[in-house]
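Step one of this worksheet: look at the structure below.
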Amino acid sequence: MNMILYLFLSIISISSADELSDFTVVYPYRDFSSASPDQHFVPENTRSATWSFQAENSYPHSCSSPNVTIVLQHGSLPLITPLGEKQPKNAFLDQRWNIGATFIVPTNNISLVSKLISPKPGMWYSVAYLPEGDGKILPADLFVKCVYRIRNWFHLETGHDIEEVSPNKIYHISLQNLAKKILRFLVPLQTYRFQVLLQDCYHGNQTGCPITMETRGHALPGPSNSTVKAQCDPDNTSCVVTMETPSAGAWHYLQLQSHSDNTNNLSLQIILQDCVAMTSYQSGPQLGQCGLIPMLDKFTFNPKFHNKFGYINGSRFEDVLLQMMEGFTQVVPFRIVDAVDNGGSLIVNVQMQDIVAVENNDLQVKLNVCFQKEAIPFGGNQSLCTDGYRGILNSSQGHMKVIVPYPQSGYWFISVQMQCYRLDQNSTVDVQPCGQLSAAVDVSIVTDACSEGGCSKHGRCINYLNGHVLYTTCKCDDGWRGFDCTDGTAVEADGHQLQELLLLTLSNLIFIPAIVLAAYRRYYVEALVYAYNMVFSGLYHACDGGRREDFTYCAMPINIVSHADFLASATSIWITLVAMARPPLQWKGFLQMCGPLGLLIGVMYRRTSAFLFLVPAGVGLTLILVSW
C-alpha cells in the first residue's frame, strides 16, 4: 500500500511542457556565421529535457540528403570547428559544466530524439549546419536550388516534490522503505566545500544507514560527472559525502535513496566551509584562508557586448588591485549575464605590479593564478585549479592573458596566491618564506564583441540576430579561419593571389580588338558598349573574388561595379546581335535602347539569373533569323 501511494504521489508531482519550433533553413558550413542557432529555456527542478530534431529536403528527387550536424551547449553558443580551425592564442574553453551533445540528423524527414536526464537549468543553445559545400557556382534558374530545413520539438518534465533545507541545521528525517527523497539547499557564494552528514541512522529495529546519497549543483542528481555519490555502510550509523568544488551561489540538490524494507530514521546536517567574505577588495583575509572580495560592478559601453568589470568609486570606474601577501588566497568574483555578456568574448588580464620588500633580500615572487567557472578555485590551504585555466606569474613573466570565446553565463572566479622562492647556483627553485614581502596585482576583466572587439587584421566583426539569438562573429578574409581569423593554414600563396587578380582583370583586354574593329567600321554605339563592359568588368573582378586585402582593389563600392558589370555584359550580347540582324535604320536605335532598358530591370531584380543572358540572346537570334 505504501509503495502504491508513493508511486501515485510521484506521478502527480511531475509536470510536462512542450514547445514546437518552425522550420529553419540550414546552410553548408563556411564559418560560424553560416550556422543556424537556436535556444531553449530549461527551468529549475527539471527531471529531463528531450530534443526531437527533424530535417527535410526541399527536392528529395533532385538533391542529395546530407546529414545535419547539431551541437548543444548550456549557457552560451558552442564554439564549433568542423574545418579543424585553430583556437585563439591563450583561449580557454570550459568543458567541465557542459552536457553538450552532437547529433547527426539525416535529411529524410526522420526524427532523431535525444534525452538529457537532469539538465542544468537556464538557457540551452544549439547550432545546426550542413557539411562544407563543394564551392561550385551554378547559374540560377537552370538548376534546382537545394534547400534544407530543420525544426525541433522540445519536451520538458519538471518535478515539484522537493523539500528545501538550510545548511548548518540539524533535520530529523524519516525515509519510507525503498523510497526516494530529494532535498535542496542554497550554497552561498563564498563556499568552497561542503559536507552532508547523516547520523543516528536506524531502520526498523536495526542500526545502520542502508542509503545512497547523491548531490549535485544547479540540477537534480543524474548521470552527469558533476554528481557526487556515496554508498553508505548499512552497518554504520553515520555517513558523509563531500563536495570538493560546489557550485557557488547556486541551489544544490541532495537525493536520498533507501535500500531497506523498513522505514529509515536519521538526522541530517549540511556543513559549509567558506572563504572570508571581504568588505573591500583592499583588505586581506586571515592567514591560511581564502578571501572573497565583493562582487564586481559592471560598466556598459555603447557597442553591444562591450562591458568592463571593476569597482565604481564615485564617478570613476577602477580595475581590481589586489594587495598580496604570503598565505593569502584572494578570489575575485564576477557574473556573466546571458544575452548581455556571452555573445562575444571574455578577456581577462592579470598583471603583477609593484613588489614591496621591507628588508633587502634576493627573494623572487611567484603568483599562482586560477580562472574558472562556477566553483571557487580554493581547497583548504592551497589553490585548487583542476578544471580551470592555470597561470603562473613571476618577475620575468609578470602578465597573463586569457580569452574565452562565447563565455557561459553564470559566476566566474579568479584566485591569486603568492609564493616566494630563491634560485641557487644551479638555478634550482627553493621555496622560502616571504616574510613582509608583498606584491600588487592588477586584474582587468572585459567582455567584447568577437575577439577583443575585432578579428585581428584578417576579417570584420559582424553582429548577427538569427531568430532570437543575438551574437557576434568574425567574417574572415579568404583563406583565414577561426574565431578571431588568425588561422592562416588555408591561405593561398601571394603568387597565386596575384595570378588570380591578373587573370581576372587583364583578360578583359580581349575587348580591345572588338572596340577597334567596331570604331573602324563606324559602329560607335557598339564600340562604346564594349569599352564600358571592359572597364567595369575589370573593376568588378579587381574588387570581388574574396582575395586578401593586399590583392583587392575597389575603385567604387562593390554593389555599383557589380550591377554595371552584369548590365554591360548582357547589353554587349544584345547590341552585337542587333548589329548582326541589320534592322532598318529607323528601327535600329529603337532596338538598341529597348535592350538596356529592359535588362536594367533584370539586373536590379536578380543579376545572377541565367535568364539575364538567355533572354537577350534568344530574342537577338530570332531577329537575325527574321532578318535573314
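The values are calculated or read from the model by the stated rules, or taken from the named source; none is laboratory data. This structure is a prediction, so every number in the text was calculated from the model and none was measured. Glycine also receives a Cβ, built like all others from the backbone with ideal geometry; neighbour counts cover every protein chain displayed. With ligands, DNA and RNA removed, areas are computed over all heavy atoms of the protein, side chains included. Shrake-Rupley method; radii C 1.70, N 1.55, O 1.52, S 1.80 Å.
Please work out which residue is least open to solvent (accessible area, probe 1.4 Å), limiting yourself to the stretch 30-49 and to residues that are hydrophobic (A, V, I, L, M, F, W, C) and either in contact with a helix residue (DSSP H, G or I) (Cβ under 7 Å, 6 or more places away or on another chain) or more than 21 Å from Val113 (Cβ to Cβ) (or both). Among residues in the stretch 30-49 that are hydrophobic (A, V, I, L, M, F, W, C) and either in contact with a helix residue (DSSP H, G or I) (Cβ under 7 Å, 6 or more places away or on another chain) or more than 21 Å from Val113 (Cβ to Cβ) (or both), the one least open to solvent (accessible area, probe 1.4 Å) is Ala35.
Taking the stretch 208-260 as the range and being free of Cβ contacts under 8 Å to residues at least 40 places away in the same chain, assigned to a loop (DSSP other than H, G, I, E, B) and over 22 Å from Gly159 (Cβ atoms) as the test, the residues that pass are Gly208, Cys232, Asp233, Pro234, Asp235, Asn236, Thr237.
Does the stretch 411-428 contain any residue that is touching a strand residue (DSSP E or B) at 6+ places or on another chain (Cβ under 6 Å), more than 19 Å from Asn394 (Cα to Cα) and assigned to a loop (DSSP other than H, G, I, E, B)? No, that holds for no residue. Of Leu346, Leu393, which residue is closer than 30 Å to Lys304 by Cβ, open to solvent by less than 10 Å² (accessible area, probe 1.4 Å) and not β-branched (Val, Ile, Thr)? The conditions single out Leu346. Could you tell me whether any residue of the stretch 321-331 is in contact with a Phe, Trp or Tyr (Cβ under 6 Å, 6 or more places away or on another chain) and not acidic (Asp, Glu)? Among the residues of the stretch 321-331, at least one is in contact with a Phe, Trp or Tyr (Cβ under 6 Å, 6 or more places away or on another chain) and not acidic (Asp, Glu), which makes the answer yes. If the condition is being outside any helix (DSSP H, G or I), hydroxyl-bearing (Ser, Thr, Tyr) and surrounded by 15 or more Cβ atoms within 10 Å (Cβ to Cβ), then the stretch 541-594 contributes only Thr552. If only residues of the stretch 166-197 that are of a type in the set (A, V, I, L, M) and closer than 18 Å to Arg216 by Cα are counted, the one that is nearest to the chain's Cα centre (by Cα) is Leu189. Kindly establish whether Ile624 is open to solvent by less than 80 Å² (accessible area, probe 1.4 Å) and among the aliphatic types (A, V, I, L, M). Taking the combined requirement at face value, the residue satisfies it.
Mind listing whichever residues of the stretch 190-207 are surrounded by fewer than 19 Cβ atoms within 10 Å (Cβ to Cβ) and outside any strand (DSSP E or B)? Within the stretch 190-207, Gly204, Asn205 qualify.
Is the stretch 273-282 home to any residue that is crowded, with 16+ Cβ neighbours inside 10 Å and under 18 Å from Lys373 (Cα atoms)? Within the stretch 273-282, one or more residues are crowded, with 16+ Cβ neighbours inside 10 Å and under 18 Å from Lys373 (Cα atoms). Scanning the stretch 544-558 for residues that are closer than 24 Å to Ser609 by Cβ, at pLDDT below 85 and of a type outside the set (D, E, K, R) gives Gly545, Gly546, Ile558. In the stretch 299-343, how many are modelled with pLDDT of 90 or more, open to solvent by 40 Å² or more (accessible area, probe 1.4 Å) and acidic (Asp, Glu)? Number of matching residues: 1.
Okay, residues lined up against (1) at pLDDT 85 or above; (2) closer than 30 Å to His399 by Cα; (3) open to solvent by less than 30 Å² (accessible area, probe 1.4 Å); (4) in a loop (DSSP other than H, G, I, E, B):
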| position | (1), (2), (3), (4) |
| --- | --- |
| Ser444 | yes, yes, yes, no |
| Asn463 | yes, no, no, no |
| Tyr471 | yes, yes, yes, no |
| Cys485 | yes, yes, yes, yes |
| Gln497 | no, no, yes, no |
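The numbered conditions (1) open to solvent by 70 Å² or more (accessible area, probe 1.4 Å); (2) in a helix (DSSP H, G or I) are all true for Thr489 except (2). Of all the criteria given as (1) surrounded by fewer than 17 Cβ atoms within 10 Å (Cβ to Cβ); (2) without any contact (Cβ under 8 Å) to a residue 60 or more places away in the chain, the one not satisfied by Ala518 is (1).
Looking across the stretch 312-334, just one residue is out of contact with any Ser or Thr (no Cβ under 8 Å at 6 or more places or on another chain), charged (D, E, K, R) and in contact (Cβ under 8 Å) with a residue 24 or more places away in the chain, and that is Glu326.
Take the conditions more than 18 Å from the chain's Cα centre (by Cα), touching a residue at least 40 places away in the same chain (Cβ under 8 Å), surrounded by 15 or more Cβ atoms within 10 Å (Cβ to Cβ) and part of a strand (DSSP E or B) and apply them to Ser52. Does it pass? Don't jump to the end; show me each part of the working.
Numbers: more than 18 Å from the chain's Cα centre (by Cα): yes; touching a residue at least 40 places away in the same chain (Cβ under 8 Å): yes; surrounded by 15 or more Cβ atoms within 10 Å (Cβ to Cβ): yes; part of a strand (DSSP E or B): yes.
So Ser52 fits the description; yes.
When restricted to residues that are open to solvent by less than 40 Å² (accessible area, probe 1.4 Å) and in a strand (DSSP E or B), the stretch 57-67 contains 1.
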